[in-house]
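Novice: Input: one structure, supplied below.
Values in this text are rule-based calculations from the coordinates and carry no lab data. Note that this is a predicted model, so its numbers are computed, not measured. Note that we place each Cβ from the backbone using ideal geometry, even for glycine, and neighbour counts take in every protein chain shown.
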Amino acid sequence: MDTAAMLFSSSEKNLFHLMTGFFASKVLAVAVELDLFTWLSGKPRTFEEIRSHFGLAERPCRTWLDALLNLHLLERQGALYANSAVSEALLVRGRPDYQGPHVRLLDSLYLACHHLRSALLEDRPISRDYSYFFGPEADDSRVTHYSMLMHESSLAPAMVLPHYWDFSDSQVVMDVGGGYGRLCLTLVSQYPHLQAILFDLPEVCQKAGTLLETYPRGLVRRVRLHPGDFFRDPLPQGADTIIMMRITHDWPQERVAMLFQKAFSALPSGGRLLVYETLKDQGPFPGDAAFISLLLLLISPGGECRTFAELQTLLERAGFTNVELIPTIYFYGLIVAEKP
Ligand SMILES: C[S@@+](CC[C@H](N)C(=O)[O-])C[C@H]1O[C@@H](n2cnc3c(N)ncnc32)[C@H](O)[C@@H]1O
């Protein structure tokens with residue numbers, strides 16, 4: 001094959017697609033931001049209808065729609081534009097598998113990605129825009145922005161967790177770094193006997209409290225907020241099951257070891273720690289976790305996706321036994337460890 005043919009070969013991941021990948025993610029992000037797919041759901045529209053609905057001039061509208069067709073996010077039905085099967089299933093607001101929050105979460109790193117080369121060369125977080133808890137800049141709007149993104153994007157992993165682990169034998173669960181309480185609410189709504197402790201930084205707990213007030217009292221009274229800093233403070237006693245969902249990937253190994261030791265001290269004998277995490281060796285496309293590690297390279301001091309074996313070693317060093325892996329969705333794995 002000559003050079004030009006290799007560059008534009010029809011293989012799915014040809015070099016041209018890699019070079020223009022940032023256009024693809026931005027085209028998708030803008031369509032989600034404008035909620036195009038929800039508006040088109042079940043009702044294909046003409047070019048003119050789309051143009052006038054979004055207030056676009058002819059050239060930008062045609063260019064945008066052509067790009068969406070090329071990405072198989074839209075398809076033509078004669079003169080009409082319709083959602084593709086993927087967009088209809090995953091990008092329509094209100095659907096159980098709606099991926100809009102994930103699209104927004106990753107799009108929020110778009111500018112940070114520009115600094116990838118510096119992050120590689122300097123081995124330090126380059127972006128301060130994304131998260132508040134890695135540095136001293138915990139201003140109110142960052143806390144709210146980040147926590148809301150997490151809250152929205154935690155819907156799917158929180159909803160499926162009870163399919164992979166039965167909490168019937170637990171009396172009190174503690175969600176460490178539980179954000180705005182999505183997982184606590186999911187668990188207490190599915191297990192009427194269960195009490196939950198939500199442990200997070202004071203500024204997050206305060207906002208979680210306000211959000212929780214909007215849920216039915218019967219549920220919320222079984223969720224107790226415990227503000228604290230999991231590096232400076234001990235974890236409170238009282239839970240027989242501790243969960244860390246999407247926590248360990250943020251931190252370097254020695255900090256993860258510290259978190260496991262704190263969980264071990266807080267649990268009673270027979271208690272369990274559930275580490276629910278993006279793993280490097282899980283799911284149908286485990287290589288995709290490399291992109292989450294890149295994200296962490298940009299924003300965190302030492303965070304990365306790890307393998308089950310790496311986390312198992314740290315758990316056993318902290319004193320846990322019977323460490324087992326339960327594969328769940330995407331590249332999430334649930335690691336269950338027991339305090340003897
Ligand atoms: C990646 S988010 C995960 C949130 C939630 N578990 C989820 O999966 O949606 C990390 C969480 O850890 C919390 N966190 C970060 N540093 C913390 C600290 N030192 N002490 C307590 N919580 C902390 C953050 O406020 C945030 O809610």
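Novice: Over region 3-93, calculate the relative contact order: mean separation of alpha carbon pairs under 8 Å at least 6 apart, over the residue count, as a percent. Don't skip to the end; give the middle numbers.
Specialist: Working: 69 pairs, mean separation 27.6, N = 91.
That works out to 30 percent.
Novice: Based on a Kirkwood Rh over C-alpha pairs, give the Stokes-Einstein translational diffusion coefficient of the chain at 25 °C and viscosity 0.890 mPa s in µm²/s. Numbers along the way, then the final one.
Specialist: Values: Rh = 22.0 Å.
It comes out at roughly 111 µm²/s.
Novice: Okay, moving on. Full extension from S189 to R93: what is 0.36 nm times the residue separation minus their Cα-Cα distance, to one decimal in nm?
Specialist: Numbers: separation 96, 0.36 × 96 = 34.56 nm, distance 2.27 nm.
Once the chain is fully extended between S189 and R93, it gains 32.3 nm.
Novice: Work out how much length N14 to S293 would gain on full extension: take 0.36 nm times their residue separation and subtract the Cα-Cα distance, in nm to one decimal. Let's see the in-between values first.
Specialist: Working: separation 279, 0.36 × 279 = 100.44 nm, distance 2.30 nm.
Going from the current span to full extension adds 98.1 nm.
Novice: Among all the lysines, which ones have a C-alpha under 29 Å from K280's C-alpha, if same-chain residues fewer than 8 places away are not counted?
Specialist: K13, K26, K262, K339
Novice: Separate question: Could you work out the helix-only [θ] at 222 nm for the chain, with each DSSP H run of four or more residues adding -39,500 (n - 2.57) and the total divided by the number of residues, to the nearest 500 deg cm²/dmol?
Specialist: Numbers: 18 runs with 157 residues, N = 340.
The per-residue figure over the chain is -13000 deg cm²/dmol.
Novice: Sticking with this one: Report the calculated FRET efficiency for K26 and Y164 (r = Cβ-Cβ distance, R0 = 30 Å), to the nearest 0.05.
Specialist: Details: r = 34 Å, r/R0 = 1.14.
The value I calculate is 0.30.
Novice: For the pair L111 and T307, how long in nm is the line joining their label points, each one 7 Å along Cα→Cβ?
Specialist: 3.8
Novice: Can you tell me the length gained on complete extension of the stretch Q171 to E254, counting 0.36 nm per residue apart and subtracting the Cα distance?
Specialist: Details: separation 83, 0.36 × 83 = 29.88 nm, distance 3.04 nm.
Fully extending the segment from Q171 to E254 adds 26.8 nm.
Novice: If you don't mind, another one. Name the aspartates and glutamates eligible as straight-distance cross-link partners of K207: C-alpha to C-alpha under 15 Å, and not fewer than 8 places from it in the same chain.
Specialist: D139, D140, E152
Novice: Hey, can you grab everything whose amide H is under 5 Å from the amide H of R224? Only 5+ residues off in sequence or another chain; H modelled, so Pro and N-termini drop out.
Specialist: Sorted by chain and number, the residues that satisfy this are A196, I197, L198.
Novice: Any idea how far apart S141 and F231 come out in nm if each label point goes 7 Å out from Cα toward Cβ?
Specialist: 2.6
Novice: Under 16 Å between alpha carbons, and skipping anything fewer than 8 positions from K43 in its own chain: which aspartates and glutamates qualify?
Specialist: D35, E75, E88
Novice: Over all Cα pairs of region 3-93, how is the pair count split among 5 Å bins, expressed in % and running from 0 up to the last occupied bin?
Specialist: Histogramming region 3-93 at 5 Å steps yields 3, 13, 23, 24, 16, 10, 8, 3, 1 percent.
Novice: Something else now. Taking 8 Å as the Cα distance limit and 6 or more residues as the minimum spacing, I'd like the relative contact order of the chain as a percentage. Walk me through the numbers before you get to the answer.
Specialist: On the way: 540 pairs, mean separation 42.4, N = 340.
Reported relative contact order: 12 percent.
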